[in-house]
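Quick note: the coordinates plus some simple rules give every number you see, no bench work behind them. Values in this document were obtained by computation on a predicted structure and should not be read as measured data. Please note: Cβ atoms are built from the backbone with ideal geometry, for glycine as well, and neighbour counts cover all protein chains shown.
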Amino acid sequence: MFKKEFWNSSASKLKSVKYLALMGVFIALKIVASNLYFPVSENLKVGFSFVLLAIESSILGPVAGALSAIITDNLGFFLGGGGVYFAGYTLTPVLACLVWSCFLYKQKITVVKIVIAKLINSLFV
């Protein structure tokens, strides 16, 4: 996970038209999915956009996934976000992508890894 080829293999996907197109599809899907949720109460809503982030991170890896998270967050805000723009909030999806990538990219995917990654994202990111 902390080896150079782990990061280089993800960065090399930025040179492939196939993976850039896939990244564009994930960006569009994540923007749409972030607006689809189930309201539980006035201040609580349940959404599933994290599933797309996890799938994307397992395919694209940490570098390409982090770039996609930056684009998705900024584009999603400018297309329909409310409130004042603060670039610091972009760090949250980038860190979430890095956590998902560390657990799922180029590794055997198990339920335990998915649960641990989701817990880390929910509690610390």
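In this structure, is Ala64 touching a Ser or Thr at 6+ places or on another chain (Cβ under 6 Å) and either over 25 Å from Phe2 (Cβ atoms) or in contact (Cβ under 8 Å) with a residue 12 or more places away in the chain (or both)?
The answer is yes for Ala64.
Restricting attention to region 18-77, the residues being surrounded by 13 or more Cβ atoms within 10 Å (Cβ to Cβ) and among the basic types (Lys, Arg) number 1. For region 2-17, a tally of residues being surrounded by 15 or more Cβ atoms within 10 Å (Cβ to Cβ) and hydroxyl-bearing (Ser, Thr, Tyr) returns 2.
With respect to Tyr37, is the statement that it is more than 25 Å from Phe2 (Cα to Cα) and among the aromatic types (Phe, Trp, Tyr) true? In short, yes.
Sort out which residues of region 75-104 are under 21 Å from Ala28 (Cα atoms) and in a loop (DSSP other than H, G, I, E, B), and write them in order of number.
Once the filter is applied, which keeps residues that are under 21 Å from Ala28 (Cα atoms) and in a loop (DSSP other than H, G, I, E, B), region 75-104 yields Gly81, Gly82, Tyr85.
Based on what the data block shows, is Phe50 more than 19 Å from Ser10 (Cβ to Cβ) and touching a residue at least 24 places away in the same chain (Cβ under 8 Å)? The answer is yes for Phe50.
Within region 54-74, the set of residues being under 15 Å from Ser10 (Cα atoms) and either outside any helix (DSSP H, G or I) or hydroxyl-bearing (Ser, Thr, Tyr) (or both) comprises Ser57, Ser58, Ser68.
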